[in-house]
Each structure stands twice: as structure tokens, then as C-alpha cells.
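This report concerns only the one structure given below.
What follows is calculated from the coordinates using simple rules that are stated; it is not laboratory data. Computed from a predicted structure; not experimentally measured. Because the Cβ atoms are built from the backbone with ideal geometry, glycine has one as well, and the counts that use them run over all protein chains shown.
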Amino acid sequence: MRQRHLFSAALLSGSLLLAGCQQDSTGGDSLTLYSGRGEPLVAPLIEAFERETGITVDVRYGGTAELANLLQEEGGQSPACVFWAQDVAALGTTKPLFKVLPASITDKVEPVFRDRDGKWIGTSGRARLLIYSPERLQEGDLPSTMAELADPKFKGRLAVAPTNGSFVAHVAALRLSQGDAAAEAWLQGIAANEPVIVRNNTAQHQAIADGEADLASTNNYYLGRFKASDPNFPVAQTQFEPGDIGNLMLVAGAGILESCNNKPAAQMFMDFLASPTAQQYFTGSVFEYPVTGISIVPEGTAGVDYATAAANAPKVDLNDLTDMQGTLALINKHLN
């Protein structure tokens, strides 16, 4: 907890916030941000950026898929300058609307976490993994692969958040790596197991803690947040066998819309998201992974460290996760 508070204090103090970023020369500018990331999570970052630069950020919050669809509808008339997405599938869908970012921004991010054409960058990383009730499941009872979640022995025991952006990206990766037939068979198996349907990843953790479910596939960073508030929170996490699709590495990320009417301000904001202090905030306070090679691991968390997650991850090129609509249609067919 000590490190977590230090990171937040450093962020909000503003003294180090834009280290490595250029100062705004236009003061009083504004930009519009469409954010698929939740307000409680990113508002402190946005507010600190505003204080340091004098640039006002008008934020429209919403679901990542919802905002991606809106951008498609608005096209060149969109008021948005930056789209900050929760998952890479939405970034791939929106990529044709993005401008190419300058190398001064993209070069800060490791190649595995950025678009091959320089149109978006990852802002923080996360690993998919398994959470479970250590009170009701022993290690020997746990599935060793994501495919085993469809085993009838888990009927009524699996929590699923089918509309969550990371789940959509995960199914998109399953389609990419194993084919549509395999992805549909897995979804059919999950549906046949009568899963506990919840709204998001947070609700998956709570469902297990409340005894409504026993296990779920989710992102690595949520449990650290629960444990930071309650060290006895009755949920544990682990990864599947090395290389399994269940250990997929994903990113949240952002890009600048070609239609943006204030590209200099938008570039400053993007540069900020890749700055050392922002990366420390995501790692130390949010329990996600850095995308720029910086590694700050907070004390007292139940997380899977980045080196372990990277070693266990399957080889999936995030650039190829582009068919969000097709993936959503497949999910809705079986889990709606």
C-alpha cells in the first residue's frame, strides 16, 4: 500500500507528470476524448494533464464497443480527437479512422504493444487468467486450459461477462488462433454450462466472493484492487498452462482521429499516456502492466508479475484482432 499511495501522490502533485513531454505553447486549448476506460480509473490522469498544460479535455465516457460504433457512424464529422479504448479489438476496428502517430510517441512503446502501422499505441497491458474460490476449488480441480472451462463439471459454476471488452477481444483471439468453428464450439459449451452472467470483470470477482460462482476468466489487475482494500478477499488467481490462449496478453490503447481539429493538443495527450509517471500510475496504482519497459511492482498485491505473464502468453499478434462486430455477433448468438 505504501508504494501505491506514493505513486498517486506523485501523479497528482503535477511536478513530474509530464516528464519527457513537451510543454503546451498554446495554453487554453481543448480536445475531446472518447474514453472506453472508466471515469474513476482515468479521471485523475486527465485532471493532472489539464492542470499541467492548460488544455481542457472534454470527456465522453461509454462502453468501448459503443464508442467504437459511434465513431464509425460519425466518421469525419466526429468531434472526438482521441479514442481511448479498453481493448485492442476496438482499436483494430477504429484504425482506419486514426492518423499515423509521430515516431516520438510510438517509439516509447514496445513493439508488441503498438500498431504495426503506427496508428495506435497501447497505454497499459493486462493478462487474461483464471480467478477462483480457494474455499470451494483446490488446485487439482482447476482447469489447465481455457478450453476446459466448457467441461460439464463446471456447470453453473462459471461467471461470464459476455459484453466486456476484454472478453470480446479474447474471443476474437480464439477465432484468430483456432478458427471460427473452434470458437463457436467453445461458446456453445460455455452456454450449455449455464454460466452466471454478470456485467463486467469486477462483478465476476464479486460473484465468486459472494458464493454465486466458483471461477471465471478475467484480467490480472482486478484482484490486486480488491486485495488492497481487503487482504482477506476470498478470491485467488492463477494462469493456465504456458502458451494457452487463456493467458492472452492484451492492452488498453489510444489513437488520434484523422478528423481531430486540435492535433497538437491530442499528440501532447498521447505523449503523456506514454510518459514515465503515467506508466508508474498504471503499474503502481491500477495494477496493470507498463507498455514502455518501465516496471514498478506495488507491494502486497496478489498479482501475476509481468515477466511471468509474458512467458506464459500465447503468440497472438494484437494487430490482427480487428473483427469486433463479427466477434460480438458470435458471442450474442450463444450468450445473449
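Tabulated results
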{"quantity": "Chain lengthening between residue 103 and residue 151 when straightened (0.36 nm per residue, less Cα-Cα)", "calculated": "12.6 nm"}
{"quantity": "Net +/- balance of residues flanking residue 314 in space, Cβ distance below 12 Å, scoring K and R +1, D and E -1", "calculated": "-1"}
{"quantity": "Per-residue Cβ neighbour rank within 10 angstrom, fewest leading, 84, 186, 120", "calculated": "186, 84, 120"}
{"quantity": "Given charges at beta-carbon only (K, R positive; D, E negative), |dipole| of the chain in Debye", "calculated": "160"}
{"quantity": "Phi-based couplings in Hz for region 72-86 (Karplus 6.51, -1.76, 1.60; Gly and Pro marked x)", "calculated": "5, 5, 6, x, x, 9, 5, x, 6, 9, 10, 10, 10, 9, 6"}
{"quantity": "Amide H partners (placed H, <5 Å) of residue 30, local residues excluded", "calculated": "56"}
{"quantity": "In sequence order, calculated HN-Hα J values of region 159-175 (Karplus, 6.51, -1.76, 1.60; Hz; x Gly/Pro)", "calculated": "8, 9, 10, x, 9, 5, x, 5, 5, 4, 4, 5, 5, 4, 5, 5, 4"}
{"quantity": "Two-site label geometry, residue 317 and residue 180: point separation in nm, points 7 Å out along Cα→Cβ", "calculated": "2.1"}
{"quantity": "Extension reserve of the residue 199-residue 229 stretch, reckoned as 0.36 nm per residue once the Cα distance is removed", "calculated": "8.7 nm"}
{"quantity": "FRET efficiency, 1/(1 + (r/R0)^6) with R0 25 Å, evaluated for residue 258 and residue 30 via beta carbons", "calculated": "0.85"}
{"quantity": "Label assignment, Cα extents along the principal axes in Å derived from the structure, set [x] 50, 46, 35; [y] 54, 48, 40; [z] 62, 44, 30", "calculated": "[z]"}
{"quantity": "Table column - 3J(HN,Hα) (Hz), region 246-263, Karplus curve with 6.51, -1.76, 1.60, x for Gly and Pro", "calculated": "x, 9, 3, 8, 10, 9, 8, x, 8, x, 9, 6, 4, 7, 4, 9, 8, 5"}
{"quantity": "Cα-based reach from residue 99 at 21 Å (exclusive), listing lysines while leaving out same-chain residues under 8 positions away", "calculated": "108, 119, 263"}
{"quantity": "Cleavage-rule hits (GluC sites (Glu not before Pro)) in region 82-190: DSSP loop, at most 14 neighbouring Cβ within 10 angstrom", "calculated": "135"}
{"quantity": "Label-to-label distance, nm, for residues given as residue 325 and residue 188 (7 Å Cα→Cβ offset)", "calculated": "2.6"}
{"quantity": "Bridge type composition, the chain - antiparallel percent by DSSP, nearest 5", "calculated": "60"}
{"quantity": "Förster radius 41 Å - calculated FRET efficiency between residue 333 and residue 138, Cβ distance, rounded to 0.05", "calculated": "0.75"}
